[in-house]
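**Student:** Can you read through this structure? Questions will come right after.
The values are calculated or read from the model by the stated rules, or taken from the named source; none is laboratory data. Keep in mind the model is a prediction, meaning the values are calculated, not measured. For neighbour counting, all protein chains shown are included, and Cβ atoms are generated from backbone atoms with ideal geometry for every residue, glycine included. Heavy atoms of the whole protein, side chains included, go into the accessibility calculation; ligands, DNA and RNA do not. Shrake-Rupley method; radii C 1.70, N 1.55, O 1.52, S 1.80 Å.
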Amino acid sequence: MHDLIVIGGGVAGLFLAANLPDRQVLILDHAKTVGSKLLITGGGSANITNDLSSRELLVHFSTKAMRNFLAPSLLSFTPSDLMNWFEDRGVELIVRADGHVFPSSLDARTIRTALISHVNSDIRTDCTVTGIIKDEESFTIHTSDRSFTTRFVCLATGGMSCPATGSDGSGYTLAKALGHTIAPPKPALTPIITNEKTAHLSGISLSDVSVTHKRSTTLGDLLFTHDGLSGPVILNLSRAVAKGDAVTISVLDSATLEENLLTFPQKRISTIIKTLGVPASFAKEICERSSLDSARNAGTLRKEERKLLCRTAGALSFEVKATKGFKQAMVTSGGVELSEVDRKTMESRVTPGLFFCGEVLDYDGESGGYNIQAACSTAYLAAEAIRKKIDSGRQSMTQNKEPKGSLSVDI
Ligand SMILES: Cc1cc2nc3c(=O)[nH]c(=O)nc-3n(C[C@H](O)[C@H](O)[C@H](O)COP(=O)(O)OP(=O)(O)OC[C@H]3O[C@@H](n4cnc5c(N)ncnc54)[C@H](O)[C@@H]3O)c2cc1C
């Protein structure tokens, strides 16, 4: 019998097993390889965490329920603990100016290799779990080719985003069968499709623009795609937007633009906008939206034309048509109901002996390393709790054996 069977060999499942190197652990994954999603994180560079304190990091999870649930794991296993964990195992890390932490190789394979090489467990891939049966003191796991028995089970099956990597939502069915409630899964951290055509702007990226949605303004990097908007500031916003909402981008401060237009009457409008740091093709877009020829000199603008141009540059509005689906989402919002899981141990309150870690749980963080950190912190707490349970089980087995032995001597 195994001590633990981990279902799902993503970052959470691998990190859990890597923290139980001296126990009988088996990882089952239905994909061809483990850690596939890790390879596409951070654009292939793996942004594993953010150089913040745990309390600062918690702010990047949107609801109070999520922050409350994740507090014990993020405080027990902090961003600096995660950095030390990898550095102690020979992985060199770099911290970008914005706090995002990557392997210095900027290659996600470095992280996956480090994790796999510290997993001292059997890993079975291409293995579909068809059912989990809770027996009195153990579980029987049925798979496509055989069955296993184990004292503890951990579901680390991830969410539903990027299903090609293996996280297809089937873990929710397993959790449901064991008595858990699933908060409806929705794609999160996704690009936005807009009603306005953006194909001509596709590939333009703007740094540190302010984006306003429903009176709340955030600053960040934005990328135009062939059918809408993407980039970190948009991905983080996508959770809150609905069809028909306006997303307003401010690329230039209206007052600064007006001052420049008045100071340089002999210069072309497009040149003035470009000198203020806006890419040429985007300067043209601002002029077109203001019904102005970008080749006109600033001095030829009538007052109303100048005011309209400045207003447009300060607040360029796009209407949300839809958000992209699970195929393009970075994370899933929804999952195993948090109130049904003990936040200090990750053990199910419904089915004792069953544990959870990672994105299968109903939390989702912003883009910036928060999700991998949460996957590792929840896995760490689960590993600690499972180790204690395994050891106390072993102790009680030894204690149970001894009295029997001494009893037989007495007789
Ligand atoms: C494009 C992209 C970029 C991202 N970039 C970042 C980033 O830079 N930083 C960051 O913090 N986060 C990032 N994320 C989010 C992050 O990757 C996830 O939050 C994290 O990988 C979740 O880890 P997990 O182990 O819980 O789930 P997953 O990594 O999804 O792993 C789940 C595993 O379970 C297996 N599985 C699922 N169901 C079953 C089943 N029924 N039976 C057996 N096996 C099963 C799957 O095959 C998979 O191997 C990104 C996500 C995407 C899609």
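**Student:** Classify segment 149-250: rounded, prolate or oblate, from the alpha-carbon gyration tensor (a ≥ b ≥ c, eigenvalue square roots; a/c under 1.5 rounded; otherwise prolate if a/b is larger than b/c)? Intermediate results must be reported in sequence, preceding the final value.
**Tutor:** Details: a/c = 2.87, a/b = 2.45, b/c = 1.17.
Taking the square roots of the gyration eigenvalues as a ≥ b ≥ c, segment 149-250 is prolate.
**Student:** Still on this structure, please answer the following. Taking +1 at the Cβ of each Lys and Arg and -1 at the Cβ of each Asp and Glu, which of 192, 232, 313 sits farthest along the dipole of segment 192-323 towards its positive end, judged by Cα position relative to the Cα centre?
**Tutor:** The one lying farthest along the dipole's positive direction is 313.
**Student:** If you place +1 on the Cβ of every Lys and Arg and -1 on the Cβ of every Asp and Glu, how big does the dipole about the Cα centre of the chain come out, in debye to the nearest 20?
**Tutor:** Using Cβ point charges on Lys, Arg, Asp and Glu, the chain gives about 1020 debye.
**Student:** Give me the extension gain from residue 344 to residue 136: residue separation times 0.36 nm, minus the current Cα-Cα distance, reported in nm with one decimal.
**Tutor:** Contour length minus the Cα-Cα distance gives 72.5 nm.
**Student:** When the solvent-accessible surface of protein heavy atoms is calculated with a 1.4 angstrom probe, in what order do 253, 227, 88 fall, highest first?
**Tutor:** 88, 253, 227
**Student:** Could you check how much of the accessible area of segment 195-332 is carbon and sulfur, as a whole percent, using a 1.4 Å probe? Walk me through the intermediate numbers first.
**Tutor:** Numbers: 3530 of 7020 Å².
That share works out to 50 percent.
**Student:** For the chain, just say rounded, prolate or oblate: build the C-alpha gyration tensor, square-root its eigenvalues into a ≥ b ≥ c, call rounded for a/c under 1.5, and beyond that prolate if a/b exceeds b/c, oblate if not. Could the numbers behind the result be given before it?
**Tutor:** Details: a/c = 3.08, a/b = 2.69, b/c = 1.14.
Because a/c hits 1.5 or more and a/b exceeds b/c, the chain counts as prolate.
**Student:** Please report the net charge: other residues with Cβ closer than 14 Å to the Cβ of residue 18, K and R +1, D and E -1.
**Tutor:** -1
**Student:** Ordering 284, 197, 267 from largest to smallest accessible area (1.4 angstrom probe), what's the sequence?
**Tutor:** Most to least solvent-accessible, the answer reads 197, 284, 267.
**Student:** From a point 7 Å beyond the Cα of residue 315 in the direction of its Cβ, which residues of segment 200-221 have a backbone N at a distance under 19 Å?
**Tutor:** 209-220
**Student:** Express the accessible area of segment 154-227 per residue in Å², computed with a 1.4 Å probe while the remaining protein chains stay in the model.
**Tutor:** 47 Å²
**Student:** I've got another one for you. For the pairs 37/274; 134/344; 186/344; 134/327, note any where the Cα-Cα span goes beyond 28 Å.
**Tutor:** Listed pairs above 28 Å: 37/274; 134/327.
**Student:** Another question about this same structure. Please work out the FRET efficiency for the pair residue 84 and residue 208, using the Cβ-Cβ distance as r and a Förster radius of 25 Å; give the result to the nearest 0.05. Before the final figure, lay out each step's value.
**Tutor:** Numbers: r = 31 Å, r/R0 = 1.25.
Efficiency computed from Cβ-Cβ geometry: 0.20.
**Student:** With every protein chain kept in place and ligands, DNA and RNA left out, what is the accessible area per residue of segment 1-80? Probe 1.4 Å, answer in Å². Spell out each step's value before the answer.
**Tutor:** Working: 2840 Å² over 80 residues.
Value for segment 1-80: 36 Å² per residue.
**Student:** On to the next question. If you add up the charges near residue 86, with Lys and Arg at +1 and Asp and Glu at -1, over every other residue whose beta carbon is less than 12 angstrom from its beta carbon, what do you get? Walk me through the numbers before you get to the answer.
**Tutor:** Values: positive: 89, 112; negative: 81, 87, 88, 92.
Net of charged neighbours comes to -2.
**Student:** If each residue of separation counts as 0.36 nm, what is the full-extension length gain between residue 145 and residue 22 once their alpha-carbon separation is subtracted?
**Tutor:** Answer, rounded to one decimal: 41.6 nm.
**Student:** Over segment 192-323, calculate the relative contact order: mean separation of alpha carbon pairs under 8 Å at least 6 apart, over the residue count, as a percent. Mind dumping the intermediate values first?
**Tutor:** Details: 244 pairs, mean separation 41.7, N = 132.
Relative contact order of segment 192-323: 32 percent.
**Student:** Next question, about the same structure. Using 0.36 nm per residue, how much length does the chain from residue 65 to residue 253 gain when fully extended, once their Cα-Cα distance is taken away?
**Tutor:** 64.0 nm
**Student:** Starting from the exponent 0.38 and prefactor 2.2 Å, build the expected Rg for segment 192-323 from its residue count and divide its actual Cα Rg by it.
**Tutor:** Values: Rg = 14.7 Å, N = 132, 2.2 N^0.38 = 14.1 Å.
So the Cα radius of gyration is 1.04 times the expected 2.2 N^0.38 Å.
**Student:** Treating segment 92-166 as a set of equal point scatterers at the Cα positions, no solvent, please give the Debye-formula log₁₀ I(q)/I(0) at q = 0.14, 0.21, 0.26 Å⁻¹.
**Tutor:** Debye output, listed in q order: -0.71, -1.09, -1.27.
**Student:** Any idea what the dipole of segment 192-323 comes to, in debye rounded to 20, about its Cα centre with Lys/Arg Cβ at +1 and Asp/Glu Cβ at -1?
**Tutor:** 220 debye
**Student:** Rounded to the nearest 10 Å², what accessible area does residue 226 show when all protein chains are kept and the probe is 1.4 Å?
**Tutor:** In the full protein context, residue 226 sits at about 120 Å².
**Student:** Continuing with the same structure: Tell me what the chain gives for mean residue ellipticity at 222 nm when only DSSP H runs of n ≥ 4 count, each as -39,500 (n - 2.57), the sum divided by the residue total, rounded to 500 deg cm²/dmol.
**Tutor:** Estimated from H runs of four or more residues: -10500 deg cm²/dmol.
**Student:** Just to be sure I understand: with springs between alpha-carbon atoms less than 10 Å apart, which residue in 131, 335, 299 has the highest mean-square fluctuation in the Gaussian network model of the chain?
**Tutor:** Among 131, 335, 299, the largest mean-square fluctuation in the Gaussian network model of the chain belongs to 299.
**Student:** Cα centroid distance between segment 205-239 and segment 312-379, in Å?
**Tutor:** 20 Å
**Student:** Of the chain, which part is the longest with no GluC sites (Glu not before Pro) in a loop (DSSP not H, G, I, E, B) and with at most 16 other C-beta atoms within 10 angstrom?
**Tutor:** On the way: sites that count: 92, 136, 137, 196.
Of all site-free stretches, the longest is 197-411.
**Student:** List the residues of segment 49-71 whose backbone N lies under 14 Å from a point placed 7 Å from the Cα of residue 97 along the Cα-to-Cβ direction.
**Tutor:** none
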